[in-house]
Amino acid sequence: MSAALVGIGELPNVRRSEGATTLGTLADVAAEAVADAGLSPADVDGLLVGPQVGETPQHVPATVAEYLGLQPTVSNVVDLGGATGCGMVWRAAAAIAAGMCETVLCVLGNTREGDPPRSPNRNPIREFDVPFGASGANTSYALIAQRHMHDYGTTRDQLAHAVVAQRQNAQHNELAVFHGRPLTVDDVLSAPPVVEPLGLLDVVMPCAGGAAVVVTSADRAAAAGRPVVTLAGAGEKVTHRAIAFAPDLTAGPLADAIHHAYRQAGVGPEDLGLLSLYDCYSIMLAVTVEDAGLCAKGQGGRWLAERDLTWRGSLPLNPHGGQLSCGQADLAGGMSHVVEAVRQLRGEAGSRQVGGRPLALVTGNGATMSEATALVLRGEDR
Amino acid sequence: MSASTAPRRPGPTPTPVSQPFWDAAAAGTLTLQHCGRCDAVVFYPRHRCPRCWAEALAWRPASGRGTVATYTVVHKPGHPAFAPDTPYVVALIDLAEGPRMLSAVVGCEPGQVRIGMPVRVRFTAGADHPLPLFEPEEEP
Ligand SMILES: [Zn+2]
């Protein structure tokens, strides 16, 4: 696959989006990404969207295409929770490589007015988790964290270090919901407990927002005259839906997905210059750095606590602040990790620009450590 | 919060496949499916075995014994109906027969729950849908 990520768009993360519609939000962020790519709407011949756009649970690609005035030759829903954004990028590249289209708009966005309606699910989670008081992702990640702490001695303090470092990064990101609100380790440790051992600041803040990426052929990307970011490798794996059926409570399908991406790219963890890792909960960062082979199994908490994870460090983690500081705009939250990696690899990240090798690992993680997609992105040598 | 103002608890949503599990629960028995082809013990209830895809799944009573694989003390529940119960313990239970199930640990203080703790099933009494909860196993 020789495809490039040529356009990015990202909206501010906000707690409430009064008056906005989901389709209108998608239009805003799509326009930003296509303009950023130096392309026009007529160039877009592929469209990837998330499930349940606004009130449209079916025919989502057609609805979005109609709204945007597109007539794509490839269109699809990607439904991988937090892995959706990463999952879109390699699917776009595959569609281009298959000759089905040349330029794909991958777009996610949501609105938020009051509490979202309860899911009408009648699935096994509704039958065998919800009646026990385990609704939502919070309990699942708390169960993961408790076991990780038990098995490996991981501490809340170690995880708090990563949360605080990301919050420092977010002070350079005006799109972050917590821009202007720095934190200390004590703040994280003394926050109200939500699902022990996780407290309020170990958990993402639900937001409204949007994120989009334009993927095109290497030829068209080279002609655009912008710094080129190439998809060097990808990997994906889905293992379960409910946490009770996870093959492993302290390691995820990301391990296989990341190592597949490394092999495709011909690189290893020692080659990376940037980590853009999915962080729905602080514990996910510890599990992911282990899954990525950055440290031995069980050492993720220590690894996070002993490094400078800010944009100034030798291997920065989530220089945009991660979702823990930006807020989680539903599935766009996962895509924000792709957007930030492209921004950084182009050298266009302003006051939080990282140095080091132009090679980024980007991860997406959905449901209860269930759906995993990893990308290795390569920028031009600086 | 009084019972009259608390939102209704979301009970189980049995399907034709899982109905025997909930019928047995109403009679105070934890049951699991056993595969006649590959000998897998299956939870949650399936139409076909998730290991070998055989349809030959038969219901058998389980011992009701297990151990706590991991747990969390819930302070802010995802569903408002559980607010009056906080703090309460949600746990993954490794059943003696092999499968892992999500449940709640009752019959002790939340701070007493430990990973590896032996537990035994105890069905909620008087509910529309008795649930298989777990309490600490008495020392032998
Ligand atoms: Zn079988």
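Restricting to strands (runs of 3 or more DSSP E) lying wholly in the stretch B:47-133: which have 2 or more residues that are away from the ligand (no atom under 16 Å from the Cβ) and either more than 20 Å from A:LEU143 (Cα to Cα) or open to solvent by 50 Å² or more (accessible area, probe 1.4 Å) (or both)?
Details: elements: B:57-61, B:65-74, B:88-95, B:100-105, B:118-123.
Correct list: B:65-74, B:118-123.
Every residue in the stretch A:31-69 that is within 26 Å of A:PRO120 (Cβ to Cβ) and assigned to a loop (DSSP other than H, G, I, E, B), please.
A:GLY50, A:PRO51, A:GLN52, A:GLY54, A:GLU55, A:PRO57, A:GLN58, A:HIS59
Where in the stretch A:185-280 are there helices (runs of 4 or more DSSP H), lying fully within it, with 3 or more residues that are at pLDDT 95 or above and open to solvent by 30 Å² or more (accessible area, probe 1.4 Å)? Reasoning before the result, please.
On the way: elements: A:185-190, A:218-223, A:254-265.
The qualifying helices (runs of 4 or more DSSP H) are A:185-190, A:254-265.
What number goes with the only condition from (1) away from chain A (no Cβ under 14 Å); (2) over 30 Å from A:PRO120 (Cα atoms); (3) not hydroxyl-bearing (Ser, Thr, Tyr) that B:CYS49 does not pass?
Failed condition: (2).
Let me spell it out: the conditions are (1) away from the ligand (no atom under 16 Å from the Cβ); (2) surrounded by fewer than 20 Cβ atoms within 10 Å (Cβ to Cβ), and B:VAL17 meets all of them except one. Which number is the exception?
Failed condition: (1).
Mind checking which residues of the stretch B:20-41 are within 14 Å of chain A (Cβ to nearest Cβ), more than 8 Å from the ligand (Cβ to nearest atom) and not in a helix (DSSP H, G or I)?
Across the stretch B:20-41, the qualifying residues are B:LEU30, B:THR31, B:LEU32, B:GLN33, B:VAL41.
Output the qualifying pairs, or none if there are none: Cβ atoms under 9 angstrom, residues six or more apart or on different chains, first residue in the stretch B:16-31 and over 11 Å from B:PRO45 (Cβ atoms), second residue open to solvent by 50 Å² or more (accessible area, probe 1.4 Å).
Final answer for the pair search is B:ALA25/B:HIS129; B:ALA26/B:HIS129; B:THR29/B:PRO61; B:LEU30/B:PRO61.
Being of a type outside the set (A, V, I, L, M, F, W, C) and free of Cβ contacts under 8 Å to residues at least 40 places away in the same chain is the filter; apply it to the stretch A:291-311 and report the residue that is most open to solvent (accessible area, probe 1.4 Å).
Per the stated criteria, the residue is A:GLU306.
The values are calculated or read from the model by the stated rules, or taken from the named source; none is laboratory data. Computed from a predicted model, the values in this text were never measured in an experiment. Don't worry about glycine lacking a Cβ; one is built from the backbone with ideal geometry, like all the others, and counts go over all protein chains shown. Note: accessible area is taken over every heavy atom of the protein model, side chains too, but ligands, DNA and RNA are not part of it. Shrake-Rupley method; radii C 1.70, N 1.55, O 1.52, S 1.80 Å.
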